[in-house]
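All remarks here apply to the structure that follows.
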Amino acid sequence: MEQAHSKGYVHRDIKPENILFREDDSPVLTDFGIARTIKSKANMTQVGTVIGTPYYMSPEQAKGEASDGRSDLYSLGVVLYEILTGEKLFHADSSLAISVKHIHEQPPALPTNLSGLQPLLDKLLAKKPEFRFQSARELIEELKAFAEQPHVKSNTGKLPALTLLGKLSDVLARDAKYITGKTLQLFGKNAKQNSLPSHTLEIVPASTNNNNHTQLATRISPALTNLNNTSARSNKGIYARAGIYIVLISAIIFSGWNFISGGEKPSAREQWASITGQANATENTSLIPLTVNPIPKEARVRILNIRDKYTAGLELPPGTYQLEISYPGYTTRKKWIRLDAHNAVIDIALQKANQQKTTNSLPLPELVLVKAGSYLMGNPNTQGAKPTNIENDFYIGRYEITFNEYDFFAIETNRALPDDNGWGRGERPVINISWDDAIAYINWLNKTTGKNYRLPTSAEWEFAARGNTTSSYWWGNNPDDAHERANCRFGCKSWWNSFFDNKTQVVGAFPPNDFGVHDTAGNVAEWTSDCADKTASTQEQTACLKREVHGGAFTSKVENIAAYSQIAVTATKARKNLGFRLAQEIPQARILDDQPNTDGQPRRRNIFRELRDSIFNRDN
């Protein structure tokens with residue numbers, strides 16, 4: 001960038017996609033397609049000419065004003081923020097709204113462990129060019145000086161925290177002594193006048209001077225309380241301070257207990273015993289030797305949901321296990337497997353990092369074949385439960401539709417990107433999606449691929465969610481077993497963690513049911529095609545105002561993520577806990593007559609069907 005600016009060129013499109021890397025990891029700035037000379041008076045490229053550009057535009061670019069090298073430095077600051085936090089600097093539903101934020105809104109602060117870089121980032125992201133670094137060379141020199149200063153290590157290390165903790169301990173000790181003495185005095189057991197602690201701890205804003213990157217300062221200041229005027233108000237202060245300390249101590253106790261009790265994963269045998277109630281898995285069940293054959297063969301294999309360390313031929317009880325296969329230069333892959341006598345050898349191939357799907361490759365949902373069958377639909381403990389028959393086989397998404405899949409559609413159709421609530425996009429389920437948004441995605445996907453995707457019906461969704469079981473949940477009838485099987489707010493995690501806000505998890509983070517379908521309990525609630533508006537005619541589906549939503553979400557209680565759980569939601573309503581998954585009809589050419597011959601003669605082997613089943617029922 002410094003070289004380009006020294007030659008009189010402004011890049012005007014600094015963003016991650018335009019920073020490539022050679023094999024030795026040295027970076028290369030590319031794509032000077034909309035660059036211009038600093039002396040040029042040509043108008044800037046319109047917002048949106050390059051997809052994603054608004055996320056990295058400087059305020060002067062967003063306003064259509066003349067820009068110079070300092071505009072590129074602002075964009076580089078936006079990239080730096082994304083590198084440090086993994087998040088875009090600003091989020092909004094449209095390019096115009098993002099541009100407005102660049103012009104008027106102050107950037108969010110960095111996390112505490114990165115606060116040493118805050119002054120440098122603030123200078124890069126100054127709204128007015130004259131307050132930024134005036135050249136790329138000036139930024140380079142600042143970075144060199146910053147890296148050489150000893151406080152860089154101390155800011156991100158543990159010593160400042162320990163120092164602050166020591167001072168805080170002194171203050172707490174003085175407060176404890178004062179509260180104890182005052183309490184005794186209030187109860188008449190100690191007439192001695194107690195004095196306030198001589199000092200209190202005060203946190204003050206740090207200097208933003210470039211020569212002082214320290215972000216946290218402590219100041220010990222004299223206490224101002226005058227004990228000669230002891231009154232009822234001071235007594236109330238005692239109660240308040242004592243109450244605060246009681247709450248803090250309780251929080252520390254609960255946090256410590258949660259850490260101690262939940263910090264270590266169970267072994268495979270302990271997990272099996274907790275599920276089956278059998279105290280000794282070796283005596284009561286046959287262990288199965290698990291063999292994973294990764295490509296490349298030197299890849300590392302881990303089992304994430306148990307304590308046991310993987311070795312070839314590791315003997316485990318039957319069950320579901322989450323594998324992680326990784327190797328330098330390849331894309332790490334996580335995969336849930338169902339270990340049984342027929343699935344004891346797993347072949348998994350990794351992709352090289354430079355062979356991943358590009359942004360031009362349409363991501364398609366992974367489907368699971370669900371065979372036709374009958375079941376009791378609804379809560380079996382109520383009169384509303386009714387026998388239901390699924391007459392035809394169908395496919396359903398193994399996972400909920402992700403941001404990766406939906407964002408591709410939104411960008412291709414110039415549609416507003418749904419908000420991710422700051423939790424991240426990628427392989428998380430897409431949220432803030434209305435029923436109408438889901439239908440728009442399906443119509444576009446069908447037109448693009450020539451396939452026939454759709455939303456599942458309520459009956460199909462519940463049938464697939466049950467996973468060939470008759471229980472309330474796919475794992476059984478006990479809601480207490482939801483831990484590590486589902487993502488919900490109350491009942492799926494510890495009591496203490498339930499007090500804190502929950503969020504979505506990446507699809508496939510929890511085990512699948514017996515059909516191989518993930519996240520049918522919790523994570524996000526899912527739209528179905530059925531109308532829930534009792535006033536609408538069944539023939540007039542377009543007039544339906546409400547649609548049935550199934551499965552519960554990360555905001556739900558465990559009682560509301562059962563397979564039969566459903567609510568009615570307005571079709572135009574988009575919520576942070578609403579998403580969807582796809583279904584697909586089986587093409588007629590693949591539907592074969594399974595009825596016996598009328599003449600009683602055995603059928604000949606159907607090679608086509610066997611080939612179909614081997615392809616579409618494969619676990620890998």
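The values are calculated or read from the model by the stated rules, or taken from the named source; none is laboratory data. Values in this document were obtained by computation on a predicted structure and should not be read as measured data. Reconstructed Cβ throughout: ideal geometry from the backbone, glycine too, with neighbour counts over all protein chains shown. Ligands, DNA and RNA are excluded from the accessible area calculation, which covers all protein heavy atoms including side chains. Shrake-Rupley method; radii C 1.70, N 1.55, O 1.52, S 1.80 Å.
Quick one: what pairs do we get from region 340-353, first residue touching a residue at least 40 places away in the same chain (Cβ under 8 Å), second of a type in the set (Asp, Glu) and in a loop (DSSP other than H, G, I, E, B), C-beta under 9 Å, 6+ apart or different chains?
Asn343/Asp619; Ile346/Asp619
Looking only at region 366-414, count how many residues are in a loop (DSSP other than H, G, I, E, B) and over 28 Å from Pro587 (Cα atoms). Can you show your working first?
Step one: filter region 366-414 for residues in a loop (DSSP other than H, G, I, E, B), giving 366, 371-372, 378-385, 391-393, 398-401, 413-414.
Now narrow it down to the ones that are over 28 Å from Pro587 (Cα atoms): 378-385, 414.
So the answer is 9.
So which residues in region 23-35 are open to solvent by 80 Å² or more (accessible area, probe 1.4 Å) and over 21 Å from Leu80 (Cβ atoms), if there are any at all?
Matches in region 23-35: Glu23, Asp24.
Output yes when any residue across region 449-457 is touching a Ser or Thr at 6+ places or on another chain (Cβ under 8 Å), polar (S, T, N, Q) and at pLDDT 95 or above, and no when none is.
Of all residues in region 449-457, those touching a Ser or Thr at 6+ places or on another chain (Cβ under 8 Å) come to 454-457.
Those still in the list that are polar (S, T, N, Q) too: 457.
Narrowing further to those that are at pLDDT 95 or above: 457.
The answer is yes, given that some residue of region 449-457 is touching a Ser or Thr at 6+ places or on another chain (Cβ under 8 Å), polar (S, T, N, Q) and at pLDDT 95 or above.
For region 101-132, how many residues meet the condition of being under 12 Å from Leu89 (Cβ atoms) and either assigned to a loop (DSSP other than H, G, I, E, B) or over 29 Å from the mean Cα position of the chain (by Cα) (or both)? It would help to see each step written out before you state the result.
As a first pass, look at region 101-132 and keep what is under 12 Å from Leu89 (Cβ atoms): 101-102, 105-110, 121, 124-125.
This time we only want the ones that are either assigned to a loop (DSSP other than H, G, I, E, B) or over 29 Å from the mean Cα position of the chain (by Cα) (or both), so: 105-110, 125.
Result for region 101-132: 7.
Kindly provide the set of residues from region 4-18 that are buried (at least 19 other Cβ atoms within 10 Å of the Cβ) and within 15 Å of Gln134 (Cα to Cα), ordered by number.
Matches in region 4-18: His5, Val10.
Taking the condition of being open to solvent by 40 Å² or more (accessible area, probe 1.4 Å) and either among the aromatic types (Phe, Trp, Tyr) or farther than 29 Å from Lys7 by Cα (or both), how many residues in region 118-140 meet it?
Step one: list which residues in region 118-140 are open to solvent by 40 Å² or more (accessible area, probe 1.4 Å), which gives 122-123, 127-128, 130-131, 134-135, 137-138, 140.
Then keep just the ones that are either among the aromatic types (Phe, Trp, Tyr) or farther than 29 Å from Lys7 by Cα (or both); that gives 131.
The number of residues fulfilling the criteria is 1.
On the given criteria, is Ile442 in a loop (DSSP other than H, G, I, E, B) and either within 16 Å of Ala583 (Cβ to Cβ) or modelled with pLDDT of 90 or more (or both)?
Values: in a loop (DSSP other than H, G, I, E, B): no; either within 16 Å of Ala583 (Cβ to Cβ) or modelled with pLDDT of 90 or more (or both): yes.
No: the conditions fail for Ile442.
Where the second residue is surrounded by fewer than 10 Cβ atoms within 10 Å (Cβ to Cβ) and of a type in the set (D, E, K, R) and the first is part of a strand (DSSP E or B) and lies in region 18-32, which pairs have Cβ atoms under 7 Å and are six or more apart or on separate chains?
Listed by first residue and then by second, the contacts come to Val28/Arg22.
What are the residues in region 415-437 that are over 20 Å from the mean Cα position of the chain (by Cα) and outside any loop (DSSP other than H, G, I, E, B), if any?
Trp435, Asp436, Asp437
Taking the condition of being farther than 17 Å from Gln322 by Cβ, part of a loop (DSSP other than H, G, I, E, B) and either at pLDDT below 85 or open to solvent by 60 Å² or more (accessible area, probe 1.4 Å) (or both), how many residues in region 267-295 meet it?
6
Give Ala349, Ala312, Ala341 a once-over and let me know the one that is modelled with pLDDT of 85 or more and not β-branched (Val, Ile, Thr). Outline the logic, then answer.
Working: Ala349 fails: modelled with pLDDT of 85 or more; Ala341 fails: modelled with pLDDT of 85 or more.
Checking each option against the conditions leaves just Ala312.
Can you say whether Pro107 is in contact (Cβ under 8 Å) with a residue 40 or more places away in the chain, farther than 20 Å from Glu17 by Cα, surrounded by 17 or more Cβ atoms within 10 Å (Cβ to Cβ) and not acidic (Asp, Glu), as far as the supplied structure shows? Spell out how you get there, then give the answer.
Details: in contact (Cβ under 8 Å) with a residue 40 or more places away in the chain: no; farther than 20 Å from Glu17 by Cα: yes; surrounded by 17 or more Cβ atoms within 10 Å (Cβ to Cβ): yes; not acidic (Asp, Glu): yes.
So Pro107 does not fit the description; no.
Being open to solvent by 10 Å² or more (accessible area, probe 1.4 Å) and small (Gly, Ala, Ser), is that true of even one residue in region 393-414?
No, because not a single residue in region 393-414 is open to solvent by 10 Å² or more (accessible area, probe 1.4 Å) and small (Gly, Ala, Ser).
Leu314: within 22 Å of the chain's Cα centre (by Cα), touching a residue at least 24 places away in the same chain (Cβ under 8 Å) and surrounded by 14 or more Cβ atoms within 10 Å (Cβ to Cβ), yes or no? Steps first, please.
Values: within 22 Å of the chain's Cα centre (by Cα): no; touching a residue at least 24 places away in the same chain (Cβ under 8 Å): yes; surrounded by 14 or more Cβ atoms within 10 Å (Cβ to Cβ): yes.
No, not satisfied.
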